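Below: one structure, written as structure tokens.
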Amino acid sequence: MTDGSQLRRWVLAKRPQGVPHADDFRLEQAPLSELQDGQALIRVDHISVDPGMRSRLSGDSYAPALPIGATIESAGVGTVLTSRNAKLKEGAQVWGGFGWQTHAISDGRGVQALDPAIYQGAIKATAAIGIFGIPGLTAYFGMAEIGKPKAEQVVLVSSAAGTVGATAGQLAKIAGCTAIGLAGSDAKCAYLKEIGFDVAINYKAAGDLTSAFKQAAPKGIDIYFDNVGGETLDAAIMNMRRGGRIVVSGQISEYNTTTPRGIRNTLPFITQRLRMEGLVVYDYGAQFVEARTQMAAWVREGKLTYREEIIDGLEQAPAAFIGLFSGDSFGRRLVHLGG
Ligand SMILES: NC(=O)c1ccc[n+]([C@@H]2O[C@H](COP(=O)([O-])OP(=O)(O)OC[C@H]3O[C@@H](n4cnc5c(N)ncnc54)[C@H](OP(=O)(O)O)[C@@H]3O)[C@@H](O)[C@H]2O)c1
């Protein structure tokens, strides 16, 4: 049985051109369908907005393009309201890829109950789709599998006040490195210093980035954790130390362009013996539980922190998403729907 509520959801109305616009999304409403055996009705309490979703609104990416009319995909945390599935207990808090909608009817695939050993005390359920979700895990595996930080190395991180960047920088500190963070405002830079970055650069006010990086890391950069691509990547390449690694996590400065700027400075790959490698975090799925357990221990020990920014109301989801591309967001941006 459903509780008589209406399902409200955002669907893709048309493919965005450039920076997404409110008209690219459409809010729909429909009665909730009756539960079948093996299904559970989940009230979605919080949803994520993710920069990486931008590519799939226009075409194929790490996963196929989102069809027109489909619910916008995202991570979510929710509460099981009614269940005809033995694994999804009524009242349980769960997380999964629920999308931008108020309710989900699930047969349990891809939905997991929150582990009470992790989500207790100061660690709230929303961390499941933040530091312990895709963004935190991207930082974890990008650093562990590609960056491979060693004590006293220098790590540069772009979009460092976002969840991926802030986590990557703190993991660099845990490994004993010097962490340099880039962010787009003085307030974000102050936050980076608070969470342990040694140097924070407001890239919008820094002028020539190649010189700014040279000043911050006179002996060069060992690891560049790249979330943005474009000019920042080129400036980092010019400052890499011999044997340096570039972790390609994201390219947000390119997501809204049809003609990517690309990389121009390729010579240092030869002279400095550099390696550059991208990752899709889902490839490490088999190791997620282990990574989450390790990160939760660091959070409890106070070595790793995270910042959330909660926006109220399903109606706000498109604006919350669009704001990611103007630097409007600060930390893990989530939309609160209920609960
Ligand atoms: N490879 C994977 O498997 C994987 C998985 C998840 C996420 N990612 C990627 O990781 C990156 C970070 O993700 P996140 O969730 O933590 O998001 P995020 O860093 O919080 O993204 C939003 C922030 O990006 C910055 N930004 C926006 N436009 C920019 C531009 N043109 N140039 C430079 N910075 C810009 C802004 O911060 P400022 O104010 O500092 O500019 C904005 O607040 C994204 O690129 C995402 O696609 C990759």
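No lab work stands behind these numbers, since they all come straight from the coordinates. These numbers were taken from a predicted model, which means no experiment stands behind them. Don't worry about glycine lacking a Cβ; one is built from the backbone with ideal geometry, like all the others, and counts go over all protein chains shown.
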Quiz item: Being β-branched (Val, Ile, Thr) and over 22 Å from the mean Cα position of the chain (by Cα), is that true of even one residue in region 89-99?
Solution: no
Quiz item: Under the condition of being out of contact with any Ser or Thr (no Cβ under 9 Å at 6 or more places or on another chain) and surrounded by fewer than 18 Cβ atoms within 10 Å (Cβ to Cβ), which residue from region 92-114 is nearest to residue 38 (Cα to Cα)?
Solution: 107
Exercise. Filter region 28-65 for residues that are within 17 Å of the chain's Cα centre (by Cα), in a loop (DSSP other than H, G, I, E, B) and hydrophobic (A, V, I, L, M, F, W, C) and give the result.
Key: 49, 63
Quiz item: Of the residues in region 278-336, how many are surrounded by fewer than 16 Cβ atoms within 10 Å (Cβ to Cβ), under 30 Å from residue 11 (Cα atoms) and polar (S, T, N, Q)?
Solution: 2
Quiz item: Would you call residue 124 among the basic types (Lys, Arg), within 21 Å of residue 47 (Cβ to Cβ) and more than 12 Å from the ligand (Cβ to nearest atom)?
Solution: yes
Practice problem: For region 279-309, name all the residues that are outside any helix (DSSP H, G or I) and within 20 Å of residue 195 (Cα to Cα). | Solution: 301, 302, 303, 304, 305, 306, 307, 308, 309
Exercise. Report, by residue number, each residue of region 150-169 that is more than 13 Å from the ligand (Cβ to nearest atom) and crowded, with 24+ Cβ neighbours inside 10 Å.
Key: 154, 155, 156
